Structures are given as structure tokens and as C-alpha cells.
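Throughout, read-outs are computed from the coordinates displayed, never taken from laboratory work. Everything quoted here is computed from the prediction, not taken from an experiment. All Cβ positions, even for glycine, are placed from backbone atoms using ideal geometry, and neighbour counts span all protein chains on display.
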């Protein structure tokens, strides 16, 4: 039985940390328990793009994030890259949706090939084998034929491929507006309500 109040979020080393931050903020704001995974490269990008220098120990990093987002204790469950004791490593967990945002081409390739050499890749593999919702937000430009073939392979398996391509028909005024547009589309795919953007025609 899946639990709609839980979601898995993986942050990898592609540029796009503002998307991950806003997405995490929105999930926590709605009272959702977030099973969070951050790759080593993801930590570097978070430091470069957001000045987030998270402690190495998961427990210490969790406290920093709980304070930053002013969320309830236990709402963020942060796992290490090799933490095979995480519920996400098994198909018996009840998390219905996983989002990889942003998603590197290396992570995309590992997921497409069924590689499970770290918790992020294994968690994604579990979502596919259990036929649960997996959303990947690939951030690269341009895409090579290898990238496109991996995305097509995953799409045929039911994975949602969500490149962070903002629309400009709503006339964004700030960088935050552009980030919100992308995050709103991700939340839509995850069937999570939000008030980030008006619906077309509203």
C-alpha cells in the first residue's frame, strides 16, 4: 500500500540546484515526508549554486535542512549514497513517487541500464520494477544521441522525462518565476496540488 504523504527526492550533480531547493520547499510545506538522497556531486553543486555546505553526517545535515525549511522533526529522512539499509532500497517500501531533480546524464544512464551501484540508482530501479511513478529532470544541453536513447528507453518503461524547460507565455518577471514554472510542472506529474502557477485559461 503506497502512502501519498511520502515522496523520494534525489538530487544529483547537474546544474539546477534552485529547482531542487524550491521543490523540496514545496513538498515540506505541504506536510509531505521527503526521503532525500544527495549524491557527492550533488553536494558540490548545492554549494556552488546555493552556498549550501551541508555537513557530511546525514544526521547533522538533516538538522541543518530542518532549520532552514522550518519543517517538523522527522519530515526529512536523509540517506547516504551507500546506505543500503534505507527503505528505498527495497520494493517493500510504501513511497509512491520518486523524483530525480536535477538528473545528471550519468545517473540517467545508470537508471536506464539498471545499474544499482548507489542508493539513488537502486531506488530508481525499485520504482521501475514495482511500476511506481518515477520522474527524472535531466539537465544537459545539448543532448547527445546516447542521452536521447536513454530517455526514450526510460519513457517506454513508463518513466516521466521532464526536462526543466520553462515557458514564457506567462511573462516571468524574475528568476524565481521561471523556477516556479518548472517546479509546478514537476508537482503536476507527481499529482501534488500547488498554487505556484495559474492554470492555462484561468
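Sort segment 1-52 into rounded, prolate or oblate with this rule: let a ≥ b ≥ c be the square roots of the eigenvalues of the Cα gyration tensor; rounded if a/c is under 1.5, and if a/c is not under 1.5, prolate when a/b is larger than b/c, oblate otherwise. Prolate. Entry note, the chain: the mean residue ellipticity at 222 nm calculated from DSSP H runs of n ≥ 4, each adding -39500 (n - 2.57), is -12500 deg cm²/dmol after division by the residues and rounding to the nearest 500.
Taking label points 7 Å from Cα along the Cα-to-Cβ direction, residue 68 and residue 147 give a separation of 2.6 nm.
Each of the peptides 115-125, 136-146, 161-171 was scored by the mean count of other Cβ atoms within 10 Å over its residues; in descending order, highest first, they stand as 115-125, 136-146, 161-171.
Need one word for segment 6-189: rounded, prolate or oblate. Basis is the Cα gyration tensor (sqrt eigenvalues a ≥ b ≥ c); a/c below 1.5 gives rounded, then a/b vs b/c decides. It comes out rounded by the Cα gyration axes. Among 86, 39, the order by Cβ neighbours within 10 angstrom, fewest to most, reads 86, 39. In terms of surrounding Cβ atoms within a 10 Å radius of their Cβ, 84, 52, 200 rank from fewest to most as 200, 84, 52.
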